[in-house]
Amino acid sequence: MARPSRAVDSTFGTCERPGIRLRPDEVPSAEAERESSQPKARANRKAREEMSAPNKSYDPVEVEALKPEEIDRARDAALAAIAAAGDLEALREVKAAHAGDRSPLALANREIGALPPHARAEAGKRVGQARGAVGQALKKRQEELEAERDERVLVEEAVDVTLPYDRVPAGARHPLTTLMERIEDVFVAMGYEVAEGPEVEAEWFNFDALNIAPDHPARTMQDTFFVRGAEDGEDRDLADSGVVLRTHTSPVQIRSLLDREPPVYVICPGRVYRTDELDATHTPVFHQVELLAVDEGLTMTDLKGTIEHMVRSLFGEGLGTRMRPSYFPFTEPSAEVDMVCFVCRGESVGNPDRPCRTCSSEGWIELGGCGMVNPRVLTACGVDPERYSGFAFGFGIERMLMFRHNVEDMRDMVEGDVRFTRPFGMEI
Ligand code: PHE
C-alpha cells in the first residue's frame, strides 16, 4: 500500500514558535507586543484576520436546504417513513435518519443563522414547524409501537402457571422398605436366609398347616380377604374358595420347612392383608417380618437371645426385652415380646414430669409375637418334633416405623407423597 505523502499544513506551521518571520507592517507596536507577547497568540490573530474576508460567492437567500418546497419534502419524507416503521427498531432508524443531527431538517436548521436577519424568522418558523410535526409524529408512532409490543409480549411470553410441572422431584426409597432391609441385614449377618412366598395364598398354608382350627375367628370374612379361584363360578360361596390374601407371613414358615431339610434359619419379610379400615393406626395392607429357626436343641433362651440381638442392632445397646405369656395356635409356648422404650429408657414410668409419647409413659414398647414352633406344625411339614425344635418371631413393620421414627399417622405411609419419604434420607 502506498504511503500517503507527508503534506505540511501551513496553518500549523504558523503556530510553531521558531521560524516565524513577520512582514514590516506586522511588526507589533510596543503596546501590542506587550498584549500578546506570546508568538502563538500573535500567529492566531493573523490567521483570524485572513479568515474573516467576505465570501462573495455565497447568496444567503438562495440556500437550497431552506427552500419551502425542500423543507416540505423533507418533512413529508420523514412523516411517510415514520408511518411506515413497522416496529420499534425500524422507528429508531427512521428517527436517526429524519430527526437526527445529520437529518435534512437538522442541517436546514443549521443554515438559518447564515440568512440575513429579515429572512431568518420566516425560515425559522418553517423549519421549526416541520421539525415539530416530525417530532410529534415520532412520539405518537413510538407510543403506538410500544403498546403493540406490550400486547404482543403479554401473549407471546405468557407463562401458563396451570401447566404441569415438568421436572420430577427426586424421591427416596420408602422407609418401610429400608427398615425391612435393615432387619434382614441383621439376620443375614447371623446366617439367616431371606425367604419369600406368595401374597395370594392357599388357605391351607395360611391357616391349616399353622394349626389354626377351621372354626377360628381369624378365618372368617370379618378378618380375611378371600379370593375367588379361577375355576370358581359366581354361585360359589367366597369363603369356600380355599384362596386368601395372606393374613400374616407365617405361611412362609410352612413353605420354607417343606422346601428345606433342617436346620432351617429363615427370615420372611412381606406384605400381608386384613380387612381393617384405613385409619391413623390401621391399614388393610401392611408388612411383617417373621423369622423361623428349626434345629436340634433350640430353646426359649435362643429365641430370647436372638430377639435381644435384633433390638440391640436396631435401637442401640442397653435396652432389655421381656416376654409375656400369650397364645398362638402355631407356637407353644407363646409370648408377646416387649422392649424397653428407646426414647425414655423406662424413666417416664411414675414420673409425671417427664412423660413419654413413644411408650405412653409405660416404659415398654410391644414388638410382636413369638414362641416355640408347635410340634403339630413341625409334623405338618414332615419335620420330626422328637429330633428338632424351633422358634418363631413375627412383628409389624408399620408399627415399628411409627415408634422408631415418631410417625403419628399410618396413612402417611401409603399416600406416596415424597415429602413423607424424603426426610428418611436416600439410604440404599
Ligand atoms: N403370625 C403372627 C401374627 O401375625 C405373629 C407371630 C409370628 C407370632 C411368629 C408368633 C410367632 O400375629
Determine the gain in length on full extension of the stretch residue 121-residue 351; use 0.36 nm per residue of separation and subtract their C-alpha separation, reporting nm with one decimal.
72.2 nm
Local electrostatic count at residue 222 - Lys and Arg +1, Asp and Glu -1, tallied over other residues with Cβ under 14 Å:
-2
When all Cα-Cα pair distances of the stretch 283-428 are considered, the percent exceeding 24 Å is 44 percent
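Given Cα pairs under 8 Å that are at least 6 residues apart, what percent is the relative contact order of the stretch 63-152? Before the final figure, lay out the partial values.
Working: 74 pairs, mean separation 34.1, N = 90.
Relative contact order comes out at 38 percent.
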Where does the stretch 175-424 land on Rg(C-alpha)/(2.2 N^0.38 Å)?
1.05
Residues whose built amide H sits under 5 Å from the amide H of residue 335, excluding neighbours closer than 5 in sequence, are 326, 370, 371
Using a simple spin-label model with points 7 Å from Cα along the Cα→Cβ vector, what separation in nm is obtained for residue 156 and residue 190?
7.1 nm
Sites residue 208 and residue 387, calculated FRET efficiency, Cβ-Cβ separation with R0 22 Å, nearest 0.05:
0.40
Taking a quarter of the surface of the convex hull around the Cα atoms of the stretch 155-203, what do you get in nm²?
7.7 nm²
Relative contact order as a percentage, the stretch 273-428, C-alpha pairs under 8 Å and 6+ apart, gives 28 percent
Apply the Debye scattering formula to the stretch 63-152, with a single equal point scatterer on each alpha-carbon and no solvent, then give log10 I(q)/I(0) at q = 0.13 Å⁻¹.
-0.44
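Each reported figure results from applying straightforward, stated rules to the coordinates on display, with no laboratory input. These numbers come from a predicted model, not from an experiment. For neighbour counting, all protein chains shown are included, and Cβ atoms are generated from backbone atoms with ideal geometry for every residue, glycine included.
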